[in-house]
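A.B. asks: Quick one: the structure is below, and I'll ask about it shortly.
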Amino acid sequence: MLSDLFRPIRIGQMDVKNRLLMSAMSINFGVDDNCHVTDQLTEYFVARAKGGAGMMLVGGGSVHPGGQELPDLPQMYDDSCIPTLKKMVARVKAYDTCFGVQLMHGGRQSYLPEKVAPSAIPAPAVVKGEVRALEVDEIKELAACFGDSARRCREAGFDFVEIHGAHGYLINQFLAPNSNIRTDEYGGSFENRTRFLFEIMDAIREKAGEDYPVGIRINGNDYIENGWELDDTVRLAPMLEKAGAVYLHISGGVYGSTELTIPSMYTPQGCFIHLAEAVKEVVDIPVVTVGRIKDPVQADDIIKEGRADMVALGRSFLADPEYPNKAKAGQLSNIRPCVGCCLGCIHAVLAKEPGSCVVNPDVGREYKLVQAEAASKPSKVLVAGAGPSGLAAARMFALEGHEVMVCEKGESHGGLLALAATSPGRGELGDILRFFSEELDRLDVPVNYNTPLSKAVLDEFMPDQVILATGSMPDMPVIKGLFKTAMDLMTSVDVFTGQETPGRKVIVLGGGMTGLITADTLAEQGREVVVLNRKKSFAEEMSSNDRYYLRERLKKGRVKLYKNVAVKSFSDDGVAFTANGEPVVLDGFHSVVISEKHQAVRDAKKLEKKSAAEFHLIGDAKSPRHLMYCISEAEEAGRSE
Ligand SMILES: Cc1cc2nc3c(=O)[nH]c(=O)nc-3n(C[C@H](O)[C@H](O)[C@H](O)COP(=O)(O)O)c2cc1C
Ligand code: SF4
């Protein structure tokens, strides 16, 4: 029983029904050519309001056209935005959620070619391009823009606004000494660097009204050299309280920081709680914490132990809009877990694509699903393969009312994903398998292990449809001398299944995600590892946030990475190759682990001729790809037309 997470709280003028805030996420969809919100964004929020969020924030509300963070975010900078915002608020408010907008200006972290900032210093990472230092009159105008935008939010019916003072965007750029080297009244001293933020608060009060609730998001730490630090936050927090902030939302990180704002699975859950805890000691207004909080029990403990007053969840609300309702009902294992891969969400939006979620392909499609619900025609569906694709497809067919059975040739579920989840720091990948498996139990879908698809299975079940989700296996490359070497040859799958044990010095052939996590696993076991990557970049299929932490681990494990590799030949204990055109010869090695391409396993397709059922290939069996495409394709297969 989560007794504290669902206690109501009063924040400013607002009575909030629980302690769960859906944090602002610039999701990069759901606006028209004028950046006015559409049904797509509205239904995305409706799903999450229905799901029980106490508070929710629209992310990326642009206060000025020159400060838009990404192309497809809602604009708040002229009154033409109000009618569609009003429609959205009216839809969402039916579900007893306090609904607000986060107001922001991207400054030097905007995607636009012309960027402004307190000083002409480009962002240290992620976005490129020259930056122009703002004139004083422009700073005053931008503060007024925040005020006007808040007034529009109030007119549209939003309950509150949050000022985005965190994550290295414009306000944070003023706060941090490394991005603000101004010598006028906006730079230098603490008082000067915080002036813009206080002017924004004044402008909001003036234009939206003294009583309009304003929360503030600031970093507890920028985690970058000469950045904003926890001492600064602790000093500023009581001043913000005095200036009328109704809550403080404490986050961390900027573009290029050592601890990322949106951390991947390698980071401990609840990584920024200590920052909020320090602020809570110095203010009386509610303090919100955020950052890889995905376990409702942890969230409840945070409130119980008084470490924060509200818990903000970002990605968990993408992965499962029903998170609060399920947590409240004690159905914790029914919550679809965010696995911290960062690929469908932040990696996509920073590539200026619409945000989505690897484990929940419905993100951004809620408006379509509303119309699609009723169209199912029950049939008998046999799913071959209990990897993520098979499990996801089976679940969706069962949810749509079909009679479903799964057959799996091995003795457990999960396929290659279950193996990947055994590598260091990637255990959370197993959470999504647990979710699907428990869903199949709940939906009474039998999963028959040690049962490869056969004529006998088809004759017994008599399916109308067969879904082949039989996965993929590593492909052996053809390289001179590889099969004649005296070194042990094995694949990553052999390593992860424990079928083969490499020697002390190992060559991993392949610098994709599988190659790198294999190298990490072997390095953690104390082996000396080199990775040979034919491509010019490593693990392109991973999100940059996830890859960042993995690369840090490989550095610590002293794994030597070679890229742009052309292998010349293998010897009995080594390999000759060029890397970036430079010749290299390595010797003294004991094992070679092949971790390059995968090939689809689809032998069972030949049974199609012996069956009246329709056969469909999905997932890796169709073509080996990232999990994200496999789950969305699997769910699509299971959905009614
Ligand atoms: C796709 C995406 C977009 C985001 N956009 C914003 C944003 O506009 N403003 C903001 O303050 N934080 C933004 N964040 C950060 C989240 O609000 C949150 O702080 C972060 O994801 C960590 O919380 P989580 O681990 O619960 O996801 C974004 C996160 C994601 C995944
Ligand atoms: S894409 Fe990955 S990190 Fe992002 S919300 Fe989905 S599961 Fe979580």
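The values are calculated or read from the model by the stated rules, or taken from the named source; none is laboratory data. Since the model is a prediction, treat every value here as computed from it, not as a measurement. Every residue, glycine among them, receives a Cβ derived from its backbone with ideal geometry; neighbour counts consider all protein chains shown.
A.B. asks: Can you find a residue in region 537-553 that is part of a strand (DSSP E or B) and not basic (Lys, Arg)?
C.D. replies: no
A.B. asks: Among the numbered conditions (1) touching an Asp or Glu at 6+ places or on another chain (Cβ under 8 Å); (2) exposed (fewer than 15 other Cβ atoms within 10 Å of the Cβ); (3) under 26 Å from residue 472 (Cα atoms); (4) modelled with pLDDT of 90 or more, tell me where residue 566 comes up short.
C.D. replies: (1) is the only condition that residue 566 fails.
A.B. asks: Which residues, counting only those in region 349-358, are farther than 22 Å from residue 396 by Cα and either surrounded by fewer than 22 Cβ atoms within 10 Å (Cβ to Cβ) or more than 10 Å from ligand 1 (Cβ to nearest atom) (or both)?
C.D. replies: 351, 352, 353, 354
A.B. asks: Does region 431-457 hold any residues that are aliphatic (A, V, I, L, M) and over 32 Å from the mean Cα position of the chain (by Cα), and which are they?
C.D. replies: Listed by number, the residues that qualify are 453, 456, 457.
A.B. asks: Here's another thing I want to ask about it. Can you tell which of 312, 327, 319 is touching a helix residue (DSSP H, G or I) at 6+ places or on another chain (Cβ under 9 Å) and farther than 22 Å from residue 631 by Cα?
C.D. replies: Step by step, each of 312, 327, 319 is checked, and only 327 is touching a helix residue (DSSP H, G or I) at 6+ places or on another chain (Cβ under 9 Å) and farther than 22 Å from residue 631 by Cα.
A.B. asks: Sticking with this structure for a sec: Quick one: count up the residues across region 123-144 that are outside any helix (DSSP H, G or I) and either of a type in the set (D, E, K, R) or exposed (fewer than 12 other Cβ atoms within 10 Å of the Cβ) (or both).
C.D. replies: Number of matching residues: 4.
A.B. asks: Being more than 9 Å from ligand 1 (Cβ to nearest atom), within 18 Å of residue 317 (Cβ to Cβ) and part of a loop (DSSP other than H, G, I, E, B) is the filter here, so list the residues in region 20-38 that pass it.
C.D. replies: Of everything in region 20-38, those that are more than 9 Å from ligand 1 (Cβ to nearest atom), within 18 Å of residue 317 (Cβ to Cβ) and part of a loop (DSSP other than H, G, I, E, B) turn out to be 29, 30.
A.B. asks: Another question about this same structure. Here is a list of conditions, (1) modelled with pLDDT of 95 or more; (2) surrounded by 21 or more Cβ atoms within 10 Å (Cβ to Cβ); (3) touching a helix residue (DSSP H, G or I) at 6+ places or on another chain (Cβ under 8 Å); (4) part of a loop (DSSP other than H, G, I, E, B), and residue 7 meets all of them except one; can you say which number that is?
C.D. replies: The number of the failed condition is (2).
A.B. asks: Could you please give the count of residues in region 34-83 that are hydroxyl-bearing (Ser, Thr, Tyr) and farther than 30 Å from residue 323 by Cα?
C.D. replies: Residues flagged as hydroxyl-bearing (Ser, Thr, Tyr) and farther than 30 Å from residue 323 by Cα within region 34-83 amount to 2.
A.B. asks: Then there's this: For residues in region 68-81 being in a helix (DSSP H, G or I) and in contact with a His (Cβ under 9 Å, 6 or more places away or on another chain), which is farthest from ligand 1 (Cβ to nearest atom)?
C.D. replies: 80
A.B. asks: Could you tell me whether residue 319 is surrounded by fewer than 24 Cβ atoms within 10 Å (Cβ to Cβ) and either away from ligand 1 (no atom under 13 Å from the Cβ) or over 23 Å from residue 247 (Cα atoms) (or both)?
C.D. replies: No: the conditions fail for residue 319.
A.B. asks: Select from region 145-178 the residues that are surrounded by fewer than 21 Cβ atoms within 10 Å (Cβ to Cβ) and either touching a Cys at 6+ places or on another chain (Cβ under 8 Å) or of a type in the set (S, T, N, Q) (or both) and list them in ascending order.
C.D. replies: Across region 145-178, the qualifying residue is only 178.
A.B. asks: Another one. Can you tell me which residue among 16, 31, 46 is assigned by TED's automatic domain parsing to the domain that holds residue 288, among the hydrophobic types (A, V, I, L, M, F, W, C) and more than 25 Å from the chain's Cα centre (by Cα)?
C.D. replies: 16
A.B. asks: Anything in region 85-113 that is surrounded by 24 or more Cβ atoms within 10 Å (Cβ to Cβ) and farther than 19 Å from residue 152 by Cβ? List them, or say none.
C.D. replies: Correct list: 97, 107, 108, 109, 110.
A.B. asks: So is residue 328 touching a Phe, Trp or Tyr at 6+ places or on another chain (Cβ under 7 Å), among the charged types (D, E, K, R) and more than 15 Å from ligand 1 (Cβ to nearest atom) or not?
C.D. replies: Spelling it out, residue 328 is indeed touching a Phe, Trp or Tyr at 6+ places or on another chain (Cβ under 7 Å), among the charged types (D, E, K, R) and more than 15 Å from ligand 1 (Cβ to nearest atom).
A.B. asks: Filter region 279-305 down to residues that are among the hydrophobic types (A, V, I, L, M, F, W, C) and under 12 Å from residue 219 (Cα atoms), then give me how many there are.
C.D. replies: 3
A.B. asks: Tell me, please, whether a residue that is more than 30 Å from residue 517 (Cβ to Cβ) and in contact (Cβ under 8 Å) with a residue 12 or more places away in the chain can be found in region 250-260.
C.D. replies: yes
A.B. asks: While we're looking at this one, here's another question. Would it be correct to say that residue 161 is in contact with a Ser or Thr (Cβ under 9 Å, 6 or more places away or on another chain), aliphatic (A, V, I, L, M), within 24 Å of residue 79 (Cβ to Cβ) and touching a residue at least 60 places away in the same chain (Cβ under 8 Å)?
C.D. replies: In short, yes.
A.B. asks: Exactly one of these conditions fails for residue 314: (1) surrounded by fewer than 18 Cβ atoms within 10 Å (Cβ to Cβ); (2) within 12 Å of ligand 1 (Cβ to nearest atom); (3) at pLDDT 95 or above. Give me its number.
C.D. replies: (1)
A.B. asks: Testing residue 416 on (1) outside the structural domain of residue 39 (by TED's automatic domain parsing); (2) at pLDDT 95 or above, one condition comes back false. Which one is that?
C.D. replies: (2)
A.B. asks: Can I ask one more? Within region 595-612, take every residue that is outside any strand (DSSP E or B) and touching a helix residue (DSSP H, G or I) at 6+ places or on another chain (Cβ under 7 Å) and give me the one that is farthest from residue 380 (Cα to Cα).
C.D. replies: Checking each candidate, the answer is 595.
A.B. asks: Which of the residues belonging to region 164-174 are touching a residue at least 60 places away in the same chain (Cβ under 8 Å) and hydrophobic (A, V, I, L, M, F, W, C)?
C.D. replies: 166, 170, 171
A.B. asks: Separate question: Is it the case, given these coordinates, that residue 202 is out of contact with any Lys or Arg (no Cβ under 9 Å at 6 or more places or on another chain), surrounded by fewer than 18 Cβ atoms within 10 Å (Cβ to Cβ) and either in the same structural domain as residue 144 (by TED's automatic domain parsing) or of a type outside the set (S, T, N, Q) (or both)?
C.D. replies: So residue 202 fits the description; yes.
A.B. asks: Would you point out the residue of region 331-345, among those that are buried (at least 21 other Cβ atoms within 10 Å of the Cβ) and part of a helix (DSSP H, G or I), that is nearest to ligand 1 (Cβ to nearest atom)?
C.D. replies: Result: 345.
A.B. asks: Another question about this same structure. Kindly indicate whether residue 283 is modelled with pLDDT of 95 or more, of a type in the set (A, V, I, L, M, F, W, C), more than 22 Å from the chain's Cα centre (by Cα) and more than 10 Å from ligand 1 (Cβ to nearest atom).
C.D. replies: Here the answer is yes, as residue 283 does meet what is asked.
A.B. asks: Go through (1) without any contact (Cβ under 8 Å) to a residue 12 or more places away in the chain; (2) outside any loop (DSSP other than H, G, I, E, B); (3) in the same structural domain as residue 431 (by TED's automatic domain parsing) for residue 628 and report which single condition fails.
C.D. replies: So the condition that residue 628 fails would be (1).
A.B. asks: Ok, one more. In the set 40, 75, 68, which member is more than 16 Å from ligand 2 (Cβ to nearest atom) and surrounded by 23 or more Cβ atoms within 10 Å (Cβ to Cβ)?
C.D. replies: Selected residue: 68, the only one of 40, 75, 68 that is more than 16 Å from ligand 2 (Cβ to nearest atom) and surrounded by 23 or more Cβ atoms within 10 Å (Cβ to Cβ).
A.B. asks: Six or more apart or on different chains, Cβ atoms under 6 Å: show the pairs whose first residue is in region 30-46 and over 18 Å from residue 353 (Cα atoms) and whose second is buried (at least 22 other Cβ atoms within 10 Å of the Cβ) and at pLDDT 95 or above.
C.D. replies: What qualifies is 42/88; 45/92; 46/92.
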